[in-house]
Amino acid sequence: MTLKFVSSCAIQKGGSVKGIVFTEFIELVEEIFSPEIADAIIEESDLASGGAYTSVLSYDHNEMIKLVTLLSEKTKIPVCNLLKTYGRRLCARFAILYPDFFTGVSSTLDFLETVENHIHVEVRKLYVDAEVPSFQTERVSGEVMNMLYSSLRPFADLAEGLIIGTADHFGEKIDLEREDWVDGDRYCARFSLNCRKE
């Protein structure tokens, strides 16, 4: 996903994002770059929320697009790389905040198979207004899987980072190929995954 594409998505109709995604992103910016840069992107992005995020509320996904786009401009790091790095870190944080999601699962692909019908079901119980993307999986073999991402929000790069972060969690190496397209008002990506122990 290019910076130009992400910027154009800011005018598209889309859903909201849970506040935890914002609070964790701001913490990442503070740790990797600086608190000053975190403050700057919040102040300069002209956010409807004012950047005062709490983990339990929901916010317009366009605010995340504004923050990431401005961070890219300031750091000269492509938006896609920032989102993938963030997704990888977010998975590690989810493993700490929601350890039950990872209990009883021993591999990356096994875990990814639980996202749609278990994890997202539980997320909707915790956050009634949560708008989660769809993740449909097709297991080709023990180590190979196809995963289809579909969302009102253009965050396939974030999803890719989460997948890589899942492999990190289980100590596995994942080879990943991705194809992106838009279907009406939904952003879609097909991930072809080949996973193996490091």
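The values are calculated or read from the model by the stated rules, or taken from the named source; none is laboratory data. Just so it is clear, the structure is predicted and the values come from calculations on it, not from any experiment. Cβ: placed from backbone, ideal geometry, glycine included. Neighbour counts: every protein chain shown. Accessible surface areas use protein heavy atoms only, side chains included; no ligands, DNA or RNA. Shrake-Rupley method; radii C 1.70, N 1.55, O 1.52, S 1.80 Å.
Here the 3J(HN,Hα) profile of the range 88-103, calculated from phi with Karplus coefficients 6.51, -1.76 and 1.60 at θ = phi - 60°, is 4, 5, 5, 4, 4, 5, 4, 5, 7, 6, 10, x, 4, 5, 9, 6 Hz, Gly and Pro shown as x.
Charge dipole of the chain (Cα centre as origin; +1 on each Lys and Arg Cβ, -1 on each Asp and Glu Cβ, all else neutral): 260 debye, rounded to the nearest 20.
Here are some pairs, Lys18/Lys197; Lys74/Lys197; Lys18/Lys84; which of them have Cα atoms lying more than 27 Å apart in this structure? Violating the 27 Å limit, Cα to Cα: Lys18/Lys197; Lys74/Lys197. Ranking Met64, Ala156, Val29 by how far each Cα lies toward the positive end of the dipole of the chain (charges on Cβ) leaves Ala156 at the top. The Cα atoms of the range 43-90 give a gyration tensor whose axes a ≥ b ≥ c have a/c of 1.5 or more with a/b no greater than b/c, which makes the shape oblate.
Peptides 69-78, 94-103, 24-33, 150-159 ranked from most to least packed by the mean count of surrounding Cβ atoms within 10 Å: 150-159, 24-33, 69-78, 94-103. When the chain is treated as a GNM with alpha-carbon contacts under 10 Å, the residue of Ala38, Ala92, Ala48 showing the greatest mean-square fluctuation is Ala48.
Estimated from helices alone, the mean residue ellipticity of the chain at 222 nm is -14000 deg cm²/dmol (sum of -39500 (n - 2.57) over DSSP H runs with n ≥ 4, per residue). Within the range 11-119, all pairs of alpha-carbon atoms sorted by distance into 5 Å bins from zero give the percentages 2, 11, 19, 23, 18, 12, 9, 5, 1. By the equivalent-ellipsoid construction on the alpha carbon gyration tensor, the chain comes out with semi-axes of 27, 18, 17 Å, ordered largest to smallest. Per-residue 3J(HN,Hα) values for the range 41-51, derived from phi via the Karplus relation 6.51 cos²θ - 1.76 cosθ + 1.60 with θ = phi - 60°, read 5, 5, 5, 8, 7, 6, 8, 4, 7, x, x Hz in sequence order (x marks Gly and Pro). Per residue, the chain exposes 50 Å² of solvent-accessible protein surface, assessed with a 1.4 angstrom probe and all protein chains in place.
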